[in-house]
Ligand code: GLN
């Protein structure tokens with residue numbers, strides 16, 4: 001049924017870069033056979049899932065939205081892909097994304113944009129617009145995303161979906177094509193908080209193949225979500241509203257829905273206080289130094305030899321350096337080039353302390369702001385994004401405008417804490433979905449699910 005629905009709507013939505021028709025049916029038949037043989041299967045066995053193209057899949061192309069990886073089929077599965085297969089989930093295909101997960105609109109995909117199912121003239125968010133649009137258009141009930149600065153939460157917000165960025169280290173990054181390794185996390189996209197929790201339980205856990213993977217034992221997120229459905233679950237919950245993330249510059253309808261949500265929470269017995277996080281003012285600036293610095297290093301591996309395409313220079317000798325330059329010139333799009341240049345500049349001798357060093361100091365200050373806030377409150381709230389889905393082309397010529405859209409989501413990545421976006425209605429002025437962002441201290445992902453399920 002999902003493959004039929006993809007065939008019917010994906011010419012309009014373009015959530016998928018690759019649909020795995022035959023292998024999905026074979027995987028589903030295998031689960032049916034196990035069930036018929038009396039096997040005890042997990043709660044998600046037989047449930048279809050869409051996979052962001054940043055994740056390595058041994059039976060499907062993995063391009064990360066880039067021409068440079070066109071046609072590349074990895075020899076192995078990302079750990080999260082292995083885990084979803086082992087849990088009996090059925091991969092339906094690979095979803096569209098901004099090239100190498102750089103962007104907030106999916107317009108930077110080398111394979112054309114994804115359209116927001118709520119209004120096909122608008123962006124589905126980014127970089128994981130394909131995963132969120134697939135879930136929102138009922139092409140898949142679940143999807144995998146990756147979130148370096150908001151790429152799960154912001155697309156979830158603007159498509160009326162649920163998206164979760166786990167605590168850094170909670171989910172393996174092995175086989176996730178790296179953007180910025182100190183920020184990247186893989187996580188679930190879904191239509192309900194409980195669905196996200198079930199998928200989170202499949203994904204989390206220690207992976208010896210990822211050197212930053214935590215060795216903690218995680219509580220059941222599904223049980224945490226069920227705890228949130230009990231009457232009175234919000235009574236006495238201490239909520240902090242981040243002053244810096246909900247004021248001037250935000251779309252009026254977004255703020256209106258946010259304030260209504262706060263009023264509802266007070267009525268349900270929660271205690272709300274305003275929290276100030278003065279360093280957040282510098283978060284976007286710090287992120288757009290740290291991310292390009294790490295990305296420029298990570299993307300050095302695309303050298304025309306090991307992965308993807310090779311392009312020879314039009315004239316002159318075929319030295320390895322010139323082949324590499326011609327390949328990278330043809331294979332990388334404009335945003336990727338912009339960030340490589342920004343990153344190598346920020347890391348150059350003589351500028352390192354001024355840019356990268358300062359950005360790392362800001363990162364520490366942001367972590368301290370979170371620590372101080374979480375001494376007083378259980379969760380922090382803000383809108384997930386300052387606006388609803390914008391129109392195609394609106395921010396394409398203005399990188400700063402695109403970057404500023406990430407103001408709400410970036411602090412959680414810089415601090416490594418978990419964050420969730422869940423729907424909080426439609427903005428009155430345009431009828432488009434608005435997201436509520438919930439943040440909790442590091443390793444307290446379960447708290448997001450209890451709170452999110454209570455609010456939902
Ligand atoms: N919009 C952010 C960026 O362009 C988010 C990226 C991400 O989370 N992958 O960097």
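Values computed for the structure shown
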read-out: Rough spin-label spacing in nm, given labels placed 7 Å along Cα→Cβ, for residue 238 and residue 209; value: 4.2 nm
read-out: Relative contact order of the chain, defined on C-alpha pairs under 8 angstrom at six or more residues apart (%); value: 18 percent
read-out: Label zone at residue 267, where the point sits 7 Å out along the Cα-to-Cβ direction: segment 358-392 residues whose backbone N lies under 18 Å; value: none
read-out: At q = 0.07, 0.11, 0.12 Å⁻¹, base-10 log of I(q)/I(0) for the chain (Debye sum, equal scatterers on each alpha carbon); value: -0.32, -0.81, -0.97
read-out: Hull shadow area, averaged, segment 70-119 [alpha-carbon convex hull, nm²]; value: 5.0 nm²
read-out: Centroid-to-centroid separation of segment 135-168 and segment 44-111 [C-alpha atoms, Å]; value: 14 Å
read-out: Percentage, to the nearest whole number, of Cα pairs in segment 389-456 over 21 Å apart; value: 41 percent
read-out: Values of log10 I(q)/I(0), in the order q = 0.18, 0.21, 0.24 Å⁻¹, for segment 150-240 under a Debye, Cα-only, solvent-free model; value: -0.90, -1.11, -1.25
read-out: Projected label distance in nm at residue 58 and residue 319, using a 7 Å step from Cα toward the beta-carbon; value: 4.0 nm
read-out: Cα gyration tensor shape of segment 2-151, rounded if a/c is under 1.5, else prolate or oblate by comparing a/b with b/c; value: prolate
read-out: Computed over segment 74-147: relative contact order in percent, which uses C-alpha pairs under 8 Å that are six or more apart; value: 23 percent
read-out: Spin-label pair residue 1/residue 360, simplified geometry with 7 Å Cα→Cβ offset, distance in nm; value: 5.3 nm
read-out: Helix-only [θ]222 nm of the chain, DSSP H runs n ≥ 4, -39500 (n - 2.57) each, per residue, nearest 500; value: -11500 deg cm²/dmol
read-out: Cα centroid separation, segment 363-426 to segment 293-358 (Å); value: 29 Å
read-out: Theoretical gain in end-to-end length, residue 348 to residue 182 [0.36 nm per residue, Cα-Cα removed]; value: 57.8 nm
read-out: Shape category assigned to segment 214-292 from the gyration tensor of Cα positions, a/c cut at 1.5; value: oblate
read-out: Mean Cβ neighbour count within 10 Å, used as a protection proxy, ranking 441-453, 152-164, 259-271, 184-196 highest first; value: 152-164, 184-196, 441-453, 259-271
read-out: Prolate/oblate/rounded label for segment 318-456 (Cα gyration tensor, a/c 1.5); value: oblate
read-out: Calculated on alpha-carbon atoms, Rg and Dmax of segment 21-110 in Å; value: 14.8, 47
read-out: Theoretical gain in end-to-end length, residue 329 to residue 227 [0.36 nm per residue, Cα-Cα removed]; value: 31.5 nm
read-out: Extended-chain gain in nm, criterion 0.36 nm per residue less alpha-carbon gap, residue 256 and residue 368; value: 37.4 nm
read-out: Over segment 190-260, volume per residue of the alpha carbon convex hull, in Å³; value: 183 Å³
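Where a number appears in this text, it was derived from the coordinates with a stated rule and is not lab data. What you see is a predicted model; the values in this text were computed from it and never measured. Don't worry about glycine lacking a Cβ; one is built from the backbone with ideal geometry, like all the others, and counts go over all protein chains shown.
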